[in-house]
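These notes are about the structure you will find just below.
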Amino acid sequence: MLNIEVDGIKISYDKYGEGEPIVFLHAANLSKKEWKHQIPYFKNSHRVITMDFPGHGESDLPKEYSIEYFADVIVNVLEKLSIDSFIACGHSLGGMVSQTISIRYPQRVKKLILADSTFGVHPKSQKSLSRRIMRTTIKNLSIPVLAKFQCRNLGKYNYEVKEYTHEEVMKFTSNHNNYNKIWEATSKFYSKPYLKDIKVPTLIMVGKLNNVSHEQGQIFNHLIPNSKLVFIEKAGHMLNMDNYTQFNKVVEEFIQGY
């Protein structure tokens, strides 16, 4: 585990291998450990970077809770590592951050990979109201209850995922407010109007068993000009762990040939 200071806070990261940089960005309330099946696969051909977002894993709490702030932190970390351009692979929250980097810093991202991510919901839509109600509910639940719910939901296809997500969410027991603010930041994210501005080759991956993400995956594919959509079989939201064999192969083929 390595640390680097950005904007006065410590960011935990790891690096492996040499070659073209690929940066893996994790989902909300999880950590860089979710890439355990990608690191050994890609480190022999790429410079692999994983890191914990502020407020996650071994990193310090953020000074601001927003997707834009997280994006700026990631770019600043990579600048300090002398990485000017890279392949961005983001899962869920990591995909939101990767979209934001691609839109705000288009010269930085050579190729974009969105793994079961989202562009959010319009702030005035009915879905946005539903999310605000859900946020209120979450604030009133204990971390053990939330951990049980999240591991049951994400880990229903894979016991490894179930154990991992439970372990990660339980780390928020000492700071429930941090957990709430992370979810609030994700619920405010809305990138749909800007997807047309993403010009780099883009791979959109969706877990075949995660029906709720299918529609957004198709919209991503329609709105991002140079994109392709792939469904990962036998996988839910945690597609990079549920079916890492297909996930890794699809990513490798995309990097090499798209």
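The values are calculated or read from the model by the stated rules, or taken from the named source; none is laboratory data. Small disclaimer: the values here were computed from a predicted structure and weren't measured. As a convention, Cβ positions derive from the backbone with ideal geometry for all residues, glycine included, and neighbour counts pool all protein chains shown.
Figures for the structure shown
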{"item": "Search result, residues across the stretch 131-182 that are of a type in the set (D, E, K, R), within 22 Å of Gly207 (Cα to Cα) and at pLDDT 90 or above", "result": "Lys156, Glu160, Lys162, Glu163, Glu168"}
{"item": "Residue within the stretch 85-96 that is of a type outside the set (A, V, I, L, M), assigned to a loop (DSSP other than H, G, I, E, B) and within 20 Å of Met1 (Cβ to Cβ) present", "result": "no"}
{"item": "Condition check for Ser59: surrounded by 19 or more Cβ atoms within 10 Å (Cβ to Cβ) and either assigned to a strand (DSSP E or B) or modelled with pLDDT under 95 (or both)", "result": "no"}
{"item": "Every residue from the stretch 26-56 that is within 20 Å of Asn178 (Cβ to Cβ) and surrounded by fewer than 21 Cβ atoms within 10 Å (Cβ to Cβ)", "result": "Ala28, Lys33"}
{"item": "Subset of the stretch 236-258 (residues that are of a type in the set (Gly, Ala, Ser) and surrounded by 20 or more Cβ atoms within 10 Å (Cβ to Cβ))", "result": "Gly236"}
{"item": "Some residue of the stretch 11-22 being modelled with pLDDT of 95 or more and under 14 Å from the mean Cα position of the chain (by Cα)", "result": "yes"}
{"item": "Restricting the stretch 148-170 to residues that are touching a residue at least 12 places away in the same chain (Cβ under 8 Å) and of a type in the set (A, V, I, L, M, F, W, C), the residue that is farthest from Val212 (Cα to Cα)", "result": "Met170"}
{"item": "Residues of the stretch 41-64 satisfying the condition of being at positive phi and in contact with a Phe, Trp or Tyr (Cβ under 8 Å, 6 or more places away or on another chain)", "result": "Gly55"}
{"item": "Output for the stretch 3-56, where each listed residue is in a helix (DSSP H, G or I), farther than 20 Å from Leu203 by Cα and either touching a residue at least 40 places away in the same chain (Cβ under 8 Å) or not charged (D, E, K, R) (or both)", "result": "Lys33, Pro40"}
{"item": "Among (1) in contact with a helix residue (DSSP H, G or I) (Cβ under 8 Å, 6 or more places away or on another chain); (2) assigned to a strand (DSSP E or B); (3) closer than 27 Å to Ala147 by Cα - the single one Phe70 does not satisfy", "result": "(2)"}
{"item": "Residues of the stretch 193-214 classified as out of contact with any helix residue (DSSP H, G or I) (no Cβ under 7 Å at 6 or more places or on another chain) and not β-branched (Val, Ile, Thr), total", "result": "9"}
{"item": "Cβ-Cβ under 6 Å pairs, at least 6 apart or on other chains, the stretch 171-199 side without any contact (Cβ under 8 Å) to a residue 40 or more places away in the chain, far side in a helix (DSSP H, G or I)", "result": "Thr173/Ile143; His176/Ile143; Lys196/Leu223"}
{"item": "Residues being among the aromatic types (Phe, Trp, Tyr) and outside any helix (DSSP H, G or I) - total across the stretch 158-204", "result": "2"}
